[in-house]
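In what follows, a single structure is set out as structure tokens and then discussed.
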Amino acid sequence: MTAETSPQASVAVLGGARLGARIAGLGAYRPSRVIANEQAAEAAGVSVEWIVQRSGVRERRHAAPTETVVAMAVEAGKEALTEAGADPGDVDAVVLATCSMPSPMPNGAAQVVDRLGCGPAAGFDLNAACSGFSHALAVADALVRAGTVRSVLVVASERMSDRVAAHDRNTGPIFADGAAAALVQPAETPSIFPVAWGSDGSQADLIAISPVSGQMEMAGRKVFRWTTSALRGVIETACDRAGLASTALRAFVPHQANLRIIDALVRTIDAPHLAVATDLVDAGNTCAASVPLALHALRRRGAVSTGDPVLLFGFGAGLTYAAQVVLSP
């Protein structure tokens with residue numbers, strides 16, 4: 001890797017001008033209904049200590065009937081637009097990362113476009129489960145760099161409480177609901193760097209939603225082993241592609257799956273002053289929404305400042321993964 005300097009990456013050339021992309025604004029939406037560990041433990045037939053020891057989750061949020069995937073996405077999108085000082089009409093495309101829409105058709109993104117007043121912007125859903133936001137951010141970055149669009153609203157929104165059974169100790173106490181959004185716009189100096197991503201479909205059955213019950217089934221121990229062994233090199237690759245030494249990172253925002261997984265991944269990063277996102281303690285695992293929600297929380301508490309190099313890392317069902325360095329907005 002290069003010496004510890006400000007990251008640089010190759011950029012596209014459009015009309016003679018260098019073109020990169022940046023996150024211009026972030027937004028988040030967290031349902032108001034809090035499910036404490038006592039309630040989750042009783043439903044799953046386990047103890048509070050059992051949940052904390054195995055996942056680190058102490059409480060999670062579940063959406064009310066009116067807080068649909070689309071409704072939460074709209075609220076998160078509004079905040080992202082406001083922070084960026086952008087109008088809905090500025091948005092050329094909406095990418096919705098989700099795996100919990102109640103039906104595969106119609107897609108959610110087109111409804112978000114309509115409710116936000118972004119029409120006639122393009123709108124499409126992207127399903128890479130828990131790495132969905134990182135995949136969608138890479139797509140948005142590519143669209144902007146190519147000059148196809150000027151502004152992309154990336155939204156990750158999930159109602160995982162609809163997809164897990166409260167009595168299933170492997171999923172019920174862990175998964176939760178929420179949404180977050182990022183507005184991606186052109187930048188002369190790029191702030192979103194090349195993604196390191198991939199998949200292993202040979203292990204797709206480790207995390208799946210049953211077509212019969214509609215409920216998620218997960219082989220937690222096998223997923224833990226895959227994440228902490230097969231994905232070790234992805235972090236280094238993402239830093240390499242940003243032209244950045246890992247020691248220059250100021251924050252690490254992994255998918256909020258499990259505190260033990262996060263701790264194992266942190267031990268692979270040589271970064272002495274690293275702020276680590278642990279949003280799942282209070283929010284649970286919100287699947288595709290977990291990475292942007294965690295980044296939003298880090299910024300809110302002042303753990304990262306504008307321009308800080310942050311490593312985002314999503315991984316999960318598919319099996320899929322995606323990591324990229326961004327400069328904090």
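At an R0 of 41 angstrom, the distance between the Cβ atoms of R58 and A146 translates into a FRET efficiency of 0.40.
The slack between A43 and T237, meaning 0.36 nm per residue of separation minus the straight C-alpha distance, is 65.7 nm.
Once C-alpha pairs closer than 8 Å and six or more residues apart are averaged by separation and normalised to the residue number of the chain, the relative contact order reads 26 percent. When the chain is treated as a GNM with alpha-carbon contacts under 10 Å, the residue of P190, P272, P102 showing the greatest mean-square fluctuation is P272. Spatial offset of the range 86-119 relative to the range 253-327 amounts to 25 Å, using the alpha carbon center of each.
Extent of the range 170-314 along its three principal axes (Cα atoms, max minus min coordinate, largest first): 49, 29, 29 Å. The phi torsions of the range 188-202, fed into the Karplus equation with coefficients 6.51, -1.76 and 1.60 and a -60° offset, translate into couplings of 5, 9, x, 10, 10, 10, x, 7, 10, 9, x, 7, 9, x, 5 Hz, rounded to whole numbers, with Gly and Pro shown as x.
Under 5 Å between amide hydrogens, built in the peptide plane, is the criterion, and for A187 it picks out G20, A21, R22 among residues at least 5 positions away or on other chains.
Once phi is turned into θ = phi - 60°, what whole-Hz ³J(HN,Hα) does the Karplus curve with 6.51, -1.76 and 1.60 give for every residue of the range 137-154, x standing for Gly and Pro? Using θ = phi - 60°, the values come out as 5, 5, 5, 4, 4, 5, 5, 5, 4, 6, x, 5, 9, 9, 8, 10, 9, 9 Hz. At the residue level, F124 shows approximately 80 square angstrom of accessible surface with a 1.4 angstrom probe and all protein chains present.
Electrostatic tally near Q203: other residues with Cβ closer than 15 Å to its Cβ, Lys and Arg +1, Asp and Glu -1, net 0. I207 exposes around 20 Å² of accessible area when a 1.4 Å probe is run over every protein chain in place.
Of the residues W50, W226, W197, ranked by 1.4 Å probe accessible area with the largest first, the sequence reads W197, W50, W226. Excluding L183 itself, what net charge comes from residues whose Cβ is under 13 Å from its Cβ, given Lys and Arg +1 and Asp and Glu -1? Taking every Cβ under 13 Å from that of L183, the sum is -3. The average projected area of the range 172-222, computed from the convex hull of its Cα atoms over all directions, is 6.4 nm².
Each stretch of four or more DSSP H residues adds -39500 (n - 2.57); spread over every residue of the chain, this sum gives -9000 deg cm²/dmol at 222 nm.
Structure remark: mean-square fluctuation, Gaussian network model of the chain, C-alpha springs under 10 Å; the largest value among A289, A21, A271 belongs to A271.
By the equivalent-ellipsoid construction on the alpha carbon gyration tensor, the range 124-215 comes out with semi-axes of 32, 15, 11 Å, ordered largest to smallest. E83 exposes around 80 Å² of accessible area when a 1.4 Å probe is run over every protein chain in place. Comparing S199, S100, S131 in a Gaussian network model of the chain (Cα springs below 10 Å), the most mobile by mean-square fluctuation is S199. Shown are H167, H296, whose ranking by accessible area with a 1.4 Å probe and every protein chain present, most to least, is H167, H296. If you sort D168, D90, D205 by accessible surface, 1.4 Å probe, largest first, the order is D205, D90, D168. If you restrict to DSSP beta bridges whose two residues both lie in the chain, what percentage is antiparallel, to the nearest 5? Just about 70 percent of them are antiparallel.
The values are calculated or read from the model by the stated rules, or taken from the named source; none is laboratory data. Since we're looking at a predicted model, the values are computed, not measured. Every residue, glycine among them, receives a Cβ derived from its backbone with ideal geometry; neighbour counts consider all protein chains shown. To get the accessible areas, we keep the full protein, side chains included, count just its heavy atoms, and leave off ligands, DNA and RNA. Shrake-Rupley method; radii C 1.70, N 1.55, O 1.52, S 1.80 Å.
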